[in-house]
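The values are calculated or read from the model by the stated rules, or taken from the named source; none is laboratory data. Remember, predicted model here, so these are calculated numbers, not experimental data. So basically every Cβ, Gly included, is an ideal-geometry build from the backbone, and we count neighbours across all protein chains shown.
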Amino acid sequence: MKSKKSAVKHRTKVIKLDELSWKQIEELDKDKTIFFLPISPLEEHGPHLPVGTDLLTAKDTVTEAIKILNKKKPELTYVLLPAIPVGSCKFNTDFPGSISVSSKVVRAIVYSVGSALARHGFKFMVISTAHMAVAHLKGIYSAMKRLMMKYDMRVCEPWGPYFFNNEVEKREPKLGFDTSKEVHAGFRETSLMKYQYPYLVDESYKKLQSIYRDLQSPSVLGKTFKQLGLKDGYVGSPARADVDYGRWFFGEIVNVYVKSAIDLYEGKKQPDLPKNARFTMKALFWQ
Ligand SMILES: [Zn+2]
């Protein structure tokens, strides 16, 4: 016979907040429960990848991280929040399927979710996003700061610091070409989706020409993809996509979440965004 707490205690399962009653949520150990919040916009990813590429990645990587954590550190409880299909991606809204909200909306959502948990005594939240646009991160980081100031809560967003500190380039298998130019829906993301969702990758990716553009340069600031001549909505070389790299990349992201969740619980300092990213984020207007 099942005990009444079986849904919460069943360790092989990923616990989802939306499947719990408030009673079951109340019974969770406030000091030993870590929540995971995936949040990324629906956004065009070239003519070959689905608009949910970032959202699916944000959700799947933490889901996998929770499965590992359930075994690695079973004394804690890990709860997955529903993935929120919201983010700031104004620069490619000239394609259908890109839905952008302002950084203020991102901030309000992350803050509302975090404070709803903190007001009931919960202390840990890991934010998962695969969307590295600075306007999106501005909303997330501002909400994190407010949450940690107002409540006895620790919150982190691990992928931004890893990504902006170029950890991917430092660790990835040697490929013989410059992967730092793979900015959007290029080699990395196409590889990732070939691994995660091969049936969602349109075969036309094999024929897409490599297109490179420095999106960090001040001259492109405020311009949309089409205004920059990126008529197909990708930057990089999708045709090079490789399922083995996708597997490596997926595992790498998962490991970052596993490590960050444990460090967050143990009170270790989390890696920060590098100075230049923090500066750009600060200089950006709230919109
Ligand atoms: Zn993406």
What are the residues in the stretch 169-189 that are in a helix (DSSP H, G or I) and touching a strand residue (DSSP E or B) at 6+ places or on another chain (Cβ under 7 Å), if any? LYS181, PHE187, GLU189
Here the qualifying pairs (Cβ atoms under 7 Å; residues six or more apart or on different chains; first in the stretch 25-50 and acidic (Asp, Glu); second at pLDDT 95 or above and part of a strand (DSSP E or B)) come out as ASP29/THR77
When the residues of the stretch 38-49 are narrowed to those that are more than 10 Å from the ligand (Cβ to nearest atom) and over 16 Å from the mean Cα position of the chain (by Cα), which ends up nearest to LEU230 (Cα to Cα)? PRO47
Checking the conditions here, which among TYR199, TYR245, TYR205, TYR257 is away from the ligand (no atom under 16 Å from the Cβ), assigned to a helix (DSSP H, G or I), touching a residue at least 24 places away in the same chain (Cβ under 8 Å) and not β-branched (Val, Ile, Thr)? TYR257
Matching residues in the stretch 67-103 - criterion: being modelled with pLDDT under 95, basic (Lys, Arg) and assigned to a loop (DSSP other than H, G, I, E, B): none
So, of the residues in the stretch 231-241 that are touching a residue at least 60 places away in the same chain (Cβ under 8 Å) and out of contact with any Leu (no Cβ under 6 Å at 6 or more places or on another chain), which turns out to be surrounded by the most Cβ atoms within 10 Å (Cβ to Cβ)? TYR234
Taking the stretch 104-132 only, how many residues are within 16 Å of the ligand (Cβ to nearest atom) and assigned to a loop (DSSP other than H, G, I, E, B)? 4
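Conditions tested, residue by residue: (1) touching a helix residue (DSSP H, G or I) at 6+ places or on another chain (Cβ under 9 Å); (2) buried (at least 19 other Cβ atoms within 10 Å of the Cβ); (3) of a type in the set (Phe, Trp, Tyr).
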residue	(1), (2), (3)
ASP94	yes, no, no
TYR111	yes, yes, yes
MET132	yes, no, no
HIS136	yes, yes, no
GLU172	yes, no, no
Could you list all residues from the stretch 51-76 that are crowded, with 18+ Cβ neighbours inside 10 Å, more than 11 Å from the ligand (Cβ to nearest atom) and touching a residue at least 60 places away in the same chain (Cβ under 8 Å)? LYS59, ASP60, THR61, VAL62, GLU64, ALA65, LEU69
Go through the stretch 153-189 and report how many residues are more than 16 Å from the ligand (Cβ to nearest atom) and on the phi > 0 side of the Ramachandran plot. 2
So, LEU192, is that one more than 16 Å from the ligand (Cβ to nearest atom), in contact with a Gly (Cβ under 9 Å, 6 or more places away or on another chain) and either modelled with pLDDT of 95 or more or in a helix (DSSP H, G or I) (or both) or not? no
If I filter the stretch 133-151 for residues that are at negative phi, assigned to a loop (DSSP other than H, G, I, E, B) and touching a Cys at 6+ places or on another chain (Cβ under 7 Å), do I get at least one hit? yes
